[in-house]
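Written out below as structure tokens is the structure these notes cover.
The values are calculated or read from the model by the stated rules, or taken from the named source; none is laboratory data. Small disclaimer: the values here were computed from a predicted structure and weren't measured. Cβ coordinates were reconstructed from backbone atoms using ideal geometry, including for glycine residues, and neighbour counts include every protein chain displayed. All accessible areas refer to the heavy atoms of the entire protein, side chains included, with ligands and DNA or RNA removed. Shrake-Rupley method; radii C 1.70, N 1.55, O 1.52, S 1.80 Å.
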Amino acid sequence: MINNNVNSYIDISANTKDEINKSLECFFEYVGEQYDLEIINPIYYCDLLMIISEAYPLVKHKEKWEKMGYDLCKGLKQDIETYGISEEHMGMIGGLGYKCFCISLFNKKTGNLSKFSNTLNKLFLEQSVKFTERLRRKKDITMNDYDTIAGVSGFIYFLLDFKWSSEEKSQLEKLIEYLVELTKYHQYMEHSVINFHLTKENLFREDEKLEFPNGNINFGLSHGMLGPLVALTKAYSKGIEVEGIESAINELFGIYDQFKIYHGNVATWPTQLSFDSYIKGEFSDKLRPVMASWCYGNTGIARGLQKAAQYMKYSQKEEVYKKDLINIINQPVDQYNLYETILCHGYSSVLSIRTMAYRDRKDKRFIETIEKDISAVINALHRDDNAHYNMDKIIKGYFKDDMSLLQGIGGVVLSLLGVVCEDVEYGRLLMID
């Protein structure tokens with residue numbers, strides 16, 4: 001089902017390429033069977049639509065996959081018509097934004113459903129403005145208000161990829177103004193603290209509330225200030241003029257630079273910085289192991305900062321963050337402190353960031369040791385006695401039937417696909433493109 005004659009844009013061994021192709025072939029065979037039996041779980045319509053769209057240039061029998069994609073889009077349309085739009089499910093991963101992204105990607109790769117995709121994107125802009133206006137009336141914040149996954153920064157990063165009328169652009173600027181406001185300061189416990197500070201009451205997990213009695217400031221690419229920084233710099237690079245945007249950007253760069261420390265040549269940043277450490281202007285990374293993941297790890301942070309500097313044309317900063325990223329990903333695998341394969345906080349995240357960074361700048365230092373990461377991903381997948389990838393066993397056993405982007409096999413497949421296909425776009429969802 002996959003065209004194995006396509007030349008990889010990354011120089012890898014013939015054996016590694018063969019293993020990637022085998023695993024992808026088995027996955028698409030499994031999905032095809034699920035489709036034929038009409039037993040695809042609707043929860044994963046978006047995830048599978050994105051994977052089909054990304055793989056579309058490589059698949060054989062394109063008409064079958066095109067029809068499958070069309071049927072998935074039809075299912076997503078019916079879902080919106082039946083259940084409407086929920087304020088709690090607006091996000092770029094798992095919400096209305098996710099549907100818009102995946103349908104837009106299907107349209108871009110196949111040429112189908114342009115009108116539906118455009119209508120949906122306009123609806124998303126409209127709903128994003130309403131969402132942001134509600135946030136501005138609140139007196140406090142949670143990470144889902146502003147973050148990459150569920151919040152405003154993810155909305156902005158996606159919406160900036162489209163052409164808008166003058167009126168629509170002024171609406172989009174309201175989202176950007178909200179992020180600028182979060183880089184300002186307020187008084188808390190007789191100290192000046194950035195508005196991104198999350199109080200104890202607004203932390204999600206009970207263990208975090210115990211760990212951070214005075215709240216914290218989140219630094220990760222998934223839920224932290226970095227999503228807003230990358231979104232703001234992308235807006236700035238596109239000529240969006242919002243009062244205070246450049247000052248806001250430089251404020252965030254300053255905080256990330258202030259709290260970066262090195263172990264040898266490996267950079268690390270806080271995952272969540274306690275209020276007390278923030279006031280002292282220092283942090284200890286002994287709180288948690290330094291991980292190389294996308295969500296909270298130094299790999300995701302280094303790539304996010306590199307992207308932000310690139311958008312701003314801050315060449316010196318970009319070189320620093322690029323060097324940080326290269327040093328992180330060229331460590332031995334066991335020093336990543338990763339214990340899963342998934343895209344959120346597993347080996348697939350490092351592999352994805354590597355390929356996106358290489359595609360972006362074609363600097364071979366990003367892929368010098370890529371085969372160790374490919375092996376780390378592939379070795380977790382179960383093979384039967386004939387060296388065949390048993391997808392039914394892999395998905396039901398290892399991934400607990402989860403086919404999603406962040407927590408399931410969906411992200412793993414995309415990370416492998418990104419090695420053999422340069423034209424993949426899922427990195428836009430993660431702000432690592």
Measuring from label point to label point, each 7 Å out along Cα→Cβ, what is the Gln78 to Lys362 span in nm?
4.6
Please report, for the Cα atoms of the stretch 149-250, the Rg to one decimal and the Dmax as a whole number; what are they, in angstrom?
15.2, 48
The helix 347-361 Cα axis meets the longest alpha-carbon principal axis of the chain at an angle in degrees, between 0 and 90 and rounded to 10, of 80
Please list, in order along the stretch 132-144, the HN-Hα scalar couplings obtained from phi with the Karplus expression 6.51 cos²θ - 1.76 cosθ + 1.60 (θ = phi - 60°), rounded to whole Hz, x for Gly and Pro.
5, 4, 5, 4, 5, 8, 6, 9, 9, 9, 10, 5, 5
For Lys163, list the lysines whose Cα falls under 22 Å from its own Cα; do not include residues on the same chain fewer than 8 positions away.
Lys99, Lys108, Lys109, Lys115, Lys122, Lys130, Lys174, Lys234, Lys238, Lys307
Apply the Karplus curve 6.51 cos²θ - 1.76 cosθ + 1.60, θ = phi - 60°, to the phi angles in the stretch 209-224 and return the couplings in whole Hz, x for Gly and Pro.
5, 6, 6, 10, x, 10, x, 8, 10, 8, 9, x, 6, 6, 10, x
I need the Kirkwood Rh of the chain: take the reciprocal of the average 1/r across all distinct C-alpha pairs and report it in angstrom.
22.2
Degrees, to the nearest 10: 409-420 long Cα axis against longest axis of the chain
80
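Using 0.36 nm per residue, how much length does the chain from Lys62 to Glu88 gain when fully extended, once their Cα-Cα distance is taken away? Please list the in-between numbers first.
Working: separation 26, 0.36 × 26 = 9.36 nm, distance 3.59 nm.
Computed gain between Lys62 and Glu88 is 5.8 nm.
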Could you go through the stretch 178-194 in sequence order and give the Karplus-derived ³J(HN,Hα) for each residue, using 6.51 cos²θ - 1.76 cosθ + 1.60 with θ = phi - 60°, rounded to whole Hz, and x for Gly and Pro?
4, 5, 4, 4, 6, 8, 8, 10, 9, 8, 9, 6, 6, 10, 7, 9, 5
Between Lys130, Lys238, Lys280, which gets the highest mean-square fluctuation from a Gaussian network model of the chain, Cα cutoff 10 Å?
Lys280
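For the full complex of protein chains and a 1.4 angstrom probe, list Trp269, Trp164 by accessible area with the highest value first.
On the way: Trp269 10, Trp164 45 Å².
The ranking, largest first, comes out as Trp164, Trp269.
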Running a GNM on the chain with Cα contacts under 10 Å, which residue among Thr142, Thr82, Thr110 ends up with the highest mean-square fluctuation?
Thr82
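Within the stretch 138-235, which trypsin sites (Lys or Arg not before Pro) sit in a loop by DSSP and count at most 15 neighbouring Cβ atoms inside 10 Å?
Working: sites: Lys138, Lys139, Lys163, Lys169, Lys174, Lys184, Lys200, Arg205, Lys209, Lys234; in loops: Lys138, Lys139, Lys163, Lys184, Arg205.
When the trypsin sites (Lys or Arg not before Pro) of the stretch 138-235 are filtered for loop state and at most 15 Cβ neighbours within 10 Å, Lys138, Lys139, Lys163, Lys184, Arg205 remain.
What does the extension gain come out to for Asn337 and Ser170, with contour length at 0.36 nm per residue minus their alpha carbon separation? The partial results should precede the final answer.
On the way: separation 167, 0.36 × 167 = 60.12 nm, distance 4.41 nm.
Additional length available on full extension: 55.7 nm.
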Calculate, in whole percent, how much of the Cα-Cα pair population of the stretch 17-127 lies beyond 25 Å.
22
Label-point separation, Lys200 to Lys313 (7 Å along Cα→Cβ), nm
4.8
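List the GluC sites (Glu not before Pro) in the stretch 111-190 that DSSP assigns to loop (not H, G, I, E or B) and whose Cβ has at most 15 other Cβ atoms within 10 Å. Which are they?
On the way: sites: Glu126, Glu133, Glu167, Glu168, Glu173, Glu177, Glu181, Glu190; in loops: Glu190.
Sparse-neighbourhood loop GluC sites (Glu not before Pro): Glu190.
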Longest principal axis of the chain (C-alpha) makes with the long axis of helix 315-329 (C-alpha) an angle, in degrees to the nearest 10, of 50
log10 of Debye I(q)/I(0), alpha-carbon scatterers only, for the stretch 269-380 at 0.15, 0.22 Å⁻¹:
-0.66, -1.20
What is the chain's relative contact order, in percent, from Cα pairs under 8 angstrom and six or more apart in sequence?
17
Return the loop-located trypsin sites (Lys or Arg not before Pro) in the stretch 298-343 (DSSP other than H, G, I, E, B) with at most 12 other Cβ atoms within 10 Å of their own Cβ; answer none if there are none.
Lys313
Gly346 long-range amide H proximity, modeled H, under 5 Å
Trp294
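When all alpha-carbon pairs of the stretch 189-318 are counted, what percent fall beyond 24 Å?
Details: 2420 of 8385 pairs.
Across the stretch 189-318, Cα pairs with separations above 24 Å total 29 percent.
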Between the stretch 90-104 and the stretch 275-314, how many Å separate their Cα centres?
26
Candidates His263, His223, His345: whichever shows maximal mean-square fluctuation once the chain is modelled as a Gaussian network with Cα springs under 10 Å:
His263
Built amide H within the under 5 Å cut-off of Val59, gap 5+
Asn3
Taking 7 Å along the Cα-to-C-beta vector as the label spot, tell me the Ile279-Leu123 distance in nanometres, rounded to one decimal.
4.8
Show me, bin by bin at 10 Å from 0, the whole-percent P(r) of the stretch 68-170 based on Cα pairs.
14, 47, 31, 7, 1
